[in-house]
Ligand SMILES: NC(=O)c1ccc[n+]([C@@H]2O[C@H](COP(=O)([O-])OP(=O)(O)OC[C@H]3O[C@@H](n4cnc5c(N)ncnc54)[C@H](O)[C@@H]3O)[C@@H](O)[C@H]2O)c1
């Protein structure tokens with residue numbers, strides 16, 4: 001990172017808005033594509049206000065000033081990191097900067113909301129988790145999809161046994177671009193599914209295989225990941241920046257029911273199918289009878305909340321009430337471990353890597 005990051009007591013940043021009793025003050029670093037969503041959602045909470053934005057690009061600063069004329073905007077992240085009146089730092093910059101910014105924020109006594117993927121390496125994530133614990137601070141990793149109505153509903157169907165034992169999680173997450181320069185397509189798109197699987201599936205995976213290819217800018221732009229779980233549960237992810245169409249489709253197969261999640265559908269995002277296959281052994285030992293069950297399909301109601309709004313509210317609540325978020329540093333670390341293993345497998349042309 002070009003600028004060295006400071007630890008110590010800085011100054012108080014100006015803020016002209018109202019701050020009620022117990023309101024947390026948030027500083028957001030990174031106002032590119034995703035940053036504006038973070039600012040908007042933390043600023044709109046009852047118990048938090050964004051008081052400052054930092055971005056080193058003049059264009060991003062201009063956009064921030066235009067959207068929030070009263071907010072303090074700077075290119076120097078040290079001002080936010082050391083400010084005496086900032087409680088929470090949100091790190092919304094490219095992945096390679098997450099570790100250093102999050103570390104400086106924790107060292108300065110700030111809680112940290114950090115974008116996915118948490119860090120570049122598991123060792124960095126472990127260090128941040130240890131630092132936060134030592135300083136009694138919270139880390140939340142922005143695994144946004146966990147706060148969508150669809151994922152919440154799927155979790156319910158798994159927990160209450162509607163789907164039965166799971167056979168597979170199979171996801172297609174493809175589109176044309178947005179090309180990232182610092183990470184390959186797996187680090188860009190797979191954290192969504194890996195964090196969803198981590199949240200939905202109780203068992204932890206034991207091995208991963210990844211294959212893929214790079215065509216344009218030196219990093220893999222198409223990849224296929226296979227994740228092996230105990231009990232024959234298998235996960236498969238297709239991530240691709242070179243697809244002519246955008247697809248966000250996940251199938252979850254269970255012993256009792258199967259479901260389809262099409263995130264691009266406006267209304268009926270989830271469909272549950274009462275379909276399945278049953279095997280019975282016939283009278284002769286070698287005779288296997290296959291029967292197909294094709295029952296009803298229904299589209300359960302899915303809460304239409306903005307996931308980031310719910311996530312920001314949850315983080316504020318975790319800080320104010322000293323609760324550990326479920327999408328904490330540990331959850332971020334589990335995803336980073338899978339990504340690192342997937343990278344190793346990709347480099348070795350699909351070698352199976354134990355987790
Ligand atoms: N949760 C989600 O669904 C989701 C969606 C998109 C992006 N993201 C994540 O958000 C992060 C940012 O992605 P993006 O698409 O907004 O990237 P981006 O390149 O559009 O924006 C990043 C911004 O950070 C600024 N920046 C970089 N280093 C900085 C520093 N040291 N100090 C101050 N500013 C700095 C850049 O000038 C840029 O404006 C990534 O980690 C990405 O994975 C998450």
Need a quick list: strands (runs of 3 or more DSSP E) entirely within the stretch 33-93 having at least 1 residues that are at pLDDT 95 or above and closer than 19 Å to residue 106 by Cβ. 48-54, 88-91
Kindly indicate whether any position in the stretch 49-60 is closer than 23 Å to residue 132 by Cβ, buried (at least 21 other Cβ atoms within 10 Å of the Cβ), away from the ligand (no atom under 11 Å from the Cβ) and under 22 Å from the mean Cα position of the chain (by Cα). yes
Of all residues in the stretch 193-219, how many are within 18 Å of residue 329 (Cα to Cα), in contact (Cβ under 8 Å) with a residue 60 or more places away in the chain and buried (at least 24 other Cβ atoms within 10 Å of the Cβ)? 2
Got a number for residues in the stretch 108-126 being in contact with a helix residue (DSSP H, G or I) (Cβ under 7 Å, 6 or more places away or on another chain) and either more than 24 Å from residue 313 (Cβ to Cβ) or part of a strand (DSSP E or B) (or both)? 13
Residue check: is residue 9 without any contact (Cβ under 8 Å) to a residue 60 or more places away in the chain, closer than 13 Å to residue 81 by Cα and touching a helix residue (DSSP H, G or I) at 6+ places or on another chain (Cβ under 9 Å)? no
Restricting attention to the stretch 102-119, does a residue exist that is touching a strand residue (DSSP E or B) at 6+ places or on another chain (Cβ under 8 Å), more than 15 Å from residue 328 (Cα to Cα) and within 13 Å of the ligand (Cβ to nearest atom)? yes
Can you tell me which residue is farthest from residue 153 (Cα to Cα) among those in the stretch 174-214 that are touching a helix residue (DSSP H, G or I) at 6+ places or on another chain (Cβ under 6 Å) and assigned to a strand (DSSP E or B)? 212
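The values are calculated or read from the model by the stated rules, or taken from the named source; none is laboratory data. All values reported here derive from a predicted model rather than from experimental measurement. Glycine gets a Cβ as well: all are built from the backbone with ideal geometry, and neighbour counts include every protein chain shown.
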